[in-house]
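These notes concern the structure reproduced below.
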Amino acid sequence: MTTDVKQTGEAEKQQESNLPTHIAKVRHGQGKQATYERIGAAWVNEKGGIYVKLHGTQIVSEFSLFEVS
């Protein structure tokens, strides 16, 4: 007996390409002088959750996810 799980839309496309759906960045500074450092990538999984893969351990308190366009 086999079970086939059908995926539709974005989840299927992302799984086929395995490219991240989001980029993880940390902000340095404030306002217009702020800069963003890329610290990892993230993928939306089939259940709607987000798996985040960070590079290193440079996170002190928070980071932001930016959708890949």
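Which residues, counting only those in the range 38-49, are more than 19 Å from S69 (Cβ to Cβ) and touching a strand residue (DSSP E or B) at 6+ places or on another chain (Cβ under 8 Å)? So that I can check it myself, show each step before the final result.
Step one: list which residues in the range 38-49 are more than 19 Å from S69 (Cβ to Cβ), which gives 45-49.
Across the range 38-49, the qualifying residue is only N45.
Of all residue pairs spaced 6 or more apart or on separate chains, those with beta-carbon atoms under 7 Å, a first member in the range 27-40 that is within 14 Å of F63 (Cβ to Cβ) and a second member that is among the acidic types (D, E) and part of a strand (DSSP E or B) are H28/E37. For the range 30-60, the candidate set comprises residues that are modelled with pLDDT of 90 or more and in a loop (DSSP other than H, G, I, E, B); within that set, the residue that is surrounded by the most Cβ atoms within 10 Å (Cβ to Cβ) is A34. Taking the conditions (1) exposed (fewer than 10 other Cβ atoms within 10 Å of the Cβ); (2) part of a loop (DSSP other than H, G, I, E, B); (3) modelled with pLDDT of 90 or more in turn, P20 satisfies each one other than (1).
The values are calculated or read from the model by the stated rules, or taken from the named source; none is laboratory data. All values derive from a computational prediction rather than experimental measurement. Backbone-built Cβ (ideal geometry, glycine too); neighbour counts: all protein chains shown.
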